[in-house]
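Read-outs throughout are calculated quantities, based only on the coordinates presented, and are distinct from any laboratory measurement. The model shown is predicted, which means the values in this text are computed figures rather than measured ones. Quick reminder, even Gly has a Cβ in these numbers, built from the backbone with ideal geometry, and neighbours come from all protein chains shown.
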Amino acid sequence: MTETGFFGRLTWDSFPIAGLMKDPNANEIVANAAAGVMIVGVIAVVGLLTWFRLWGPLWRNWLTSADHKKIGIMYIVFAIVMLARGVLEGVVMRAQQAAGPGEGFLEAEHFAELFSTHGTIMIFFVAVPFVFGIANFLIPLMIGARDVAFPVMNQISLGLTVSAGMMLMVSLVVGQFSTGGWTAYPPYTGAVFNPGVGPDYWIWAIVVSGSGTTLTGINFAVTIYKLRAPGMTFMRLPIYCWTIISSSILIVFAMPPLGVAALMLAADRYLDFHFFTNDLGGNMMNYANLFWLFGHPEVYLLVLPAYGIFSEVFATFSAKRLYGYNSLVIATMCIAVLSFTVWLHHFFTMGQSALINAVFGIATMLIAIPTGVKVYDWMATLYRGRIRFSVPMLYGLAFLMLFVIGGLSGVILANPTVDYQVHNTLFLVAHFHNVLLPGVLFGLLAGYNYWFPKAFGFRLNEAWGRISVVLWTVGFMLTFLPLYFVGLMGMPRRSYSWEDPSFHPFMIVAFIGAFVILSALFSVIIQLWVSIRDREKTQVPVGDPWDARTLEWSIPAPPPPYNFAVIPQITDRDDFAAAKERGEAYPSPDQYEDISMPRNTGIGFAICVLSGIWMFALVWWIWWLAALVTVLMLLSFILWTFRLDTEEVIPAEEVRKQHEAWLDLVNSAKPVDRDHETAPENRGLARPDLKAVT
Amino acid sequence: MKRAPTHSYPGLNLGRRHASADKASEVVTFGFWVFLMSDLVYFGLMFAIYITMIDAQAGGPGPHDLFNMTSIFAQTLILLTSSLTVGLAMLALKYNLPRWRIVFWFSVTLVLGICFLVLEIRDFMDMAEKGGIPQRSGFLSAFYGLVPLHGVHVAAGCLWLVVLGIQLRVFGLTDLVMSRVVRLALFWHFLDLIWIGIITIVYFGGLTYG
Amino acid sequence: MDKRSEMHRREQRRYVIGYGGSLLLTGTVFTIAYVFGIETKGVYLAIAMLGLAQLVVQLVYFLHIDRRRSSREDLDLILFSVLVLLIIILGTVWIMGNLAVRMHTYPM
């Protein structure tokens, strides 16, 4: 470590604009355009908020809220903003590789930065917050609870995730991000080869968002374990809740390896330790081992909730009970446990014996069995169902077909001998995009379309929804299926330039596909815009627009802050569907009780800002600031534990008034059958026209 | 799901007299258990790394040159005794003994915790004098990644004790404070368990295989 | 009140038993190490077993983990954690040990 000034190693040259002034070229222009877009975006948001005088409401209703529904929505907004950046980076990378043999407009360094941020963002700041956003919104509604187990901790988790994501945004404007890929393997990311700030941005973003994620995992696990409504036994839980339990278990046990790996890398870089260095007994293979101890469970913690969403979507839009509930539960838990036994398949080529490779290869192939069970269960749910091709269902069908291809390419890769041939090629890139897009992203978008009316009280535009399904599907296929072929032809991943002309046609197709994906992203935004504009025609205040089956649909849309006026008594799986069939779906409670809910608090926001400053100070070696903020964070947390008035009471009378107003609405609404679900007369009261098929 | 009416949360509990505190702390104590298990994986990985790096001494000083087993024995006794005293503080709370008994056992635990830390830091300084600094070798990096991590936990426990002592004074024996005491006791026992792992694997394991 | 103080005594005795047991085990471990030296693997195996025993003693007497219904949830949690830990630690040691041998990193 060297002597540094008041601002650590932060100087004028740390800003990319300095590079542009010295030497304007395409590479610098792209870098500065990205920084510029970021800055303009921030100024625009700040300006709009000020213009419409929204700072007060934003602070009161959102930033300080401990309501799980609002925290969930904030997670999703954050994820979509980050998704926009991730997709744009993907397009720039495809453009670079499509330019032709030895061509291109980016420097190698810049390209490396792009694939590093793209991976880091898409995994940690799109997929994870999107999954958590939906889970946050849904879990208490599905199990009949008023909030998650630890509402304030929930807020802190969000704060940590957002501040870590902001570090990636800051790295656009100040300094540069890591060039070591999302896995950041040392010794390349060690102090000797990479003395700059890049890997430090990566390390602290990962450490902070990782601790936020761990807290969320604990929160969800305890919520589902302890806060279920009376009668909601484990075998009556919606499958989505089961997938979130599994995900939470994976988080609790799999985030520590990532934290350990990142902190050890930090010790190497900051304190000159020798965990992963080339000299004095350091061993980088330990890093690979640790990273993938986390990395493999991570992909399942992302994809399992998507399976859960599809399970709900298939059941609802087939108007059938989910087929093979028990087998789905068992398969989910099997996947969760098996996912801890396969991490070595990410480094088959590191040099261990064939026996070890074989053991882990077989373990990997075993995961295909429970996954296969799930696919058959979903197909059996569709079979002879009363299917509507609504947007979530379309995503589901695209998922079923494309995801199986991705899964099978995974089984191919699980064979170590094959892996020796295709590892580190675009075949691998094609494989994991093939599971992450149709699997995770389609699942999340299906969930977004499915539950949007529950969250905001109006439906999303169906036509634009269908357009975006088509664009995502076609865009995915054009972009990533060609990569299987170039991968088999031997094109290495992460190469900013290549020489073999036979790759060119494939790269051009992939580039076109990237633009289709970009337009898919725009179509999602347009869909949201159009839906907000036309929201008067799509109101569903009664709350059950799809004739759905689980508990969250039995309450108003949007739900009141306390979710359930009276905590329901559960007697069946798909309790709400059964109640609708009996005609008892909307009972009038005899009596109401005072409800105490967590009061607003600013601790999450404070932790968000402070941890952001803390990371920045550490990245730039501003030691006094880092120390100061550490003390401040500790103090603010300790002081916060002295707060006693953490709850506020909503009087029973108030609850009764609101609930009875809604019941009147239910009684006056005209029931709508499935064929008219997307018509304006759908106010959220379903008319079950078929006996439920069991 | 209706829960079992009495002490339904595992491990430590406050008993019938404090039924409201017990119920309130059930959820949060379970959450704390889950957190501890996550922390356990942290430690487990550090142990695994230590095991893989025992030979990575790179010609630097090894366990036989550095470890002072007398001091380790003393630290073990101190930490073990503090585990007992924190348990007695819990019992004083559970059976409504006079508040000074709680404060007394708290203070003893705090003093023992600080003694432990002082001894540990003295050990590290001795090691550093003999050239045993983390920058010297992979083995020493792994050692200093693991043992001080436990020390930091003990320090956090001490800070927690102090804060709880103040809260005991400010709020009295409210449900909230009692449920926090339960969690502190859990945390402290947990650190003792980790310490058993450290003497067995880091110290004795290091001396045997290093 | 008598019943309460009886229960109090009983619980206090639990802690003291746990403490005594742990002291005994710790003492044995250090005595073995002192008497037999800590060079052989047999001695280390004995030390490791005693360490394991002490873990169990503390779990039972300090943390009150047993097979009663009320603490079943925690026992499940702990057992699952131990399973994951074993997978992680044994897997790591297996893989890294194998690599060390094949790469001739350390004199074996």
| said: I'd like to know which of A:Phe389, A:Ile251, A:Phe576 lies farthest towards the positive end of the charge dipole of the protein assembly as shown, counting +1 on Cβ of Lys and Arg and -1 on Cβ of Asp and Glu. | reply: A:Phe576
| request: Give the distance, in whole Å, between the Cα centre of segment A:46-115 and the Cα centre of segment A:279-343. | output: 26
| Lys, Arg +1 and Asp, Glu -1 on Cβ, resulting dipole of chain A about Cα centre, debye, nearest 20 | 1200
| task | Treating the angle as unsigned and between 0 and 90°, give the value, to the nearest 10°, between the Cα long axis of helix A:239-271 and the longest Cα principal axis of chain A. | result | 20
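May I ask for the net charge around A:Pro187, where only other residues with Cβ less than 10 Å from the Cβ of A:Pro187 are counted and Lys, Arg are +1 while Asp, Glu are -1?
-2
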| Where Lys and Arg each count +1 and Asp and Glu each count -1, what net charge lies around A:Thr277 among other residues with Cβ under 11 Å from its Cβ? | -2
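Structure shown: which of A:Lys374/A:Lys670; A:Lys69/A:Lys537; A:Lys70/B:Lys94; A:Lys70/A:Lys670; A:Lys226/B:Lys94 lie over 32 Å apart, alpha-carbon to alpha-carbon?
Correct reply: A:Lys374/A:Lys670; A:Lys70/B:Lys94.
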| Say we join alpha carbon atoms closer than 10 Å with springs in a Gaussian network model of chain B; which of B:Gly62, B:Gly31, B:Gly145 then has the biggest fluctuation? | B:Gly31
| Considering every residue in A:248-261, what mean count of other chain Cβ atoms within 10 Å of its Cβ is obtained? | 5
| message | Along the charge dipole of the protein assembly as shown, pointing to its positive end and built from +1/-1 on Cβ of Lys, Arg, Asp and Glu, which listed residue (B:Pro63, B:Val28, A:Met235) has its Cα farthest out? | response | A:Met235
| request: Starting from the amide H of A:Thr425, placed 1.01 Å from N in the peptide plane, find each other amide H under 5 Å away whose residue is 5 or more places distant or on another chain. | output: A:Arg493
| message | Give me the net charge for the shell around A:Thr646: Cβ to Cβ below 13 angstrom, other residues only, Lys and Arg +1, Asp and Glu -1. | response | -3
| task | For chain C, state what percent of all Cα-Cα pairs lands in each successive 10 Å bin, counting from 0 Å until the bin that includes the largest distance. | result | 12, 25, 30, 20, 9, 3, 1
| Per-residue ³J(HN,Hα) for segment A:187-198, Karplus 6.51 cos²θ - 1.76 cosθ + 1.60, θ = phi - 60°, Hz, x for Gly and Pro | x, 4, 8, x, 5, 5, 8, 9, x, x, 8, x
| note | At the level of C-alpha centres, the distance separating segment A:395-443 and segment A:22-43, in angstrom, is 34
| query | Restricting attention to the alpha-carbon atoms of segment A:148-277, what are Rg (one decimal) and Dmax (integer), both in Å? | reply | 18.1, 60
| Proxy reagent accessibility, fewest Cβ within 10 Å first, across A:Tyr376, A:Tyr225 | A:Tyr376, A:Tyr225
| Peptide C:53-65, shielding by other chains (average Cβ, 10 Å cutoff) | 5
| Proxy reagent accessibility, fewest Cβ within 10 Å first, across A:Asp419, A:Asp500, A:Asp200 | A:Asp500, A:Asp419, A:Asp200
| query | For chain A, what is the calculated [θ] at 222 nm in deg cm²/dmol (nearest 500), taking -39500 (n - 2.57) for each run of four or more DSSP H residues and dividing by its residue count? | reply | -21500 deg cm²/dmol
| field | Base-10 log of normalised Debye intensity for segment C:1-64 (one unit scatterer per alpha-carbon) at q = 0.14, 0.15, 0.22, 0.28 Å⁻¹ | value | -0.50, -0.55, -0.84, -1.07
| message | What is the ratio of the Cα radius of gyration of segment A:338-403 to 2.2 N^0.38 Å, with N the residue count, to two decimals? | response | 1.61
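About its Cα centre, what dipole magnitude does segment A:586-668 give when the only charges are +1 on Lys and Arg Cβ and -1 on Asp and Glu Cβ, stated in debye to the nearest 20?
660
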| Computed magnitude of the charge dipole of segment C:1-64 (debye, nearest 20; Cβ of K, R +1, Cβ of D, E -1) | 260
| field | Cα-based convex hull volume of chain A per residue, rounded to whole Å³ | value | 156
| query | What residue among C:Leu63, C:Tyr19, C:Met7 has its Cα farthest toward the positive end of the dipole of segment C:1-64, where the charges are +1 on Lys, Arg and -1 on Asp, Glu, each on the Cβ? | reply | C:Met7
| remark: If each part is reduced to its alpha-carbon centroid, segment B:118-159 and segment A:228-265 end up apart, in Å, by 33
| field | Rg(Cα) / (2.2 N^0.38 Å) computed for segment A:400-498, rounded to two decimals | value | 1.32
